[in-house]
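My questions will all concern the structure given below.
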Amino acid sequence: LVTGGTGFLGSYVIPAILERGGRVRLFCRSSQSSQRQGVTCVIGSILSEEDLASAAKGCDGIFHLAGVVIHSRTDPGLDDMWKT
C-alpha cells in the first residue's frame, strides 16, 4: 500500500516498486487512478483508521508518503498535519 502516492515522492517510489516486479495499491482521497499496469487505486481518507485498515488488508507492506504541509502555526488545518 502506498499513501501519498500521487505526490512528488510517490512519482519516484511507485515506479521503483513496479520495476522490481511489485504490485501497488494506491491509497487515494479522490477518484484519481493510475493508468500503469500493476497499480490499483483505493479511495479513502488518511485520517480514517477504518479506511486505512481496509486498504492495507492483504498488503505485504506500507509506504506512508502522505503528508499535509502547513506553513503557519495558526492555520486551522494544523491539527490535520499532525494527525496525518
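The values are calculated or read from the model by the stated rules, or taken from the named source; none is laboratory data. Since this is a predicted model, take the numbers as computed values, not measurements. Neighbour counts run over all protein chains shown; Cβ positions are idealised from the backbone, glycine included. Keep in mind that these areas ignore ligands, DNA and RNA; they rest on the heavy atoms of the full protein, side chains included. Shrake-Rupley method; radii C 1.70, N 1.55, O 1.52, S 1.80 Å.
Just to confirm a number: summing +1 for Lys and Arg and -1 for Asp and Glu over residues other than residue 60 whose beta-carbon lies under 14 angstrom from that of residue 60, what do you get?
So the surrounding residues net to +4.
On to the next question. For the chain, modelled as a Gaussian network with Cα springs under 10 Å, which listed residue fluctuates most, 54, 31, 72?
The residue with the greatest mean-square fluctuation here is 72.
Follow-up question, since we're still on this one. Grab the DSSP H runs of the chain that are 4 residues or longer, score each as -39,500 (n - 2.57), total them, divide by all residues and round the 222 nm result to the nearest 500 deg cm²/dmol.
Calculated at 222 nm, the ellipticity per residue is -7500 deg cm²/dmol.
When Rg is the radius of gyration of the Cα atoms in the chain and Rh is its Kirkwood radius, what does Rg/Rh come to?
On the Cα set of the chain, Rg over Rh gives 1.00.
Counting only protein heavy atoms and using a 1.4 Å probe, what share of the accessible area of the chain belongs to carbon plus sulfur, as a whole percent?
51 percent
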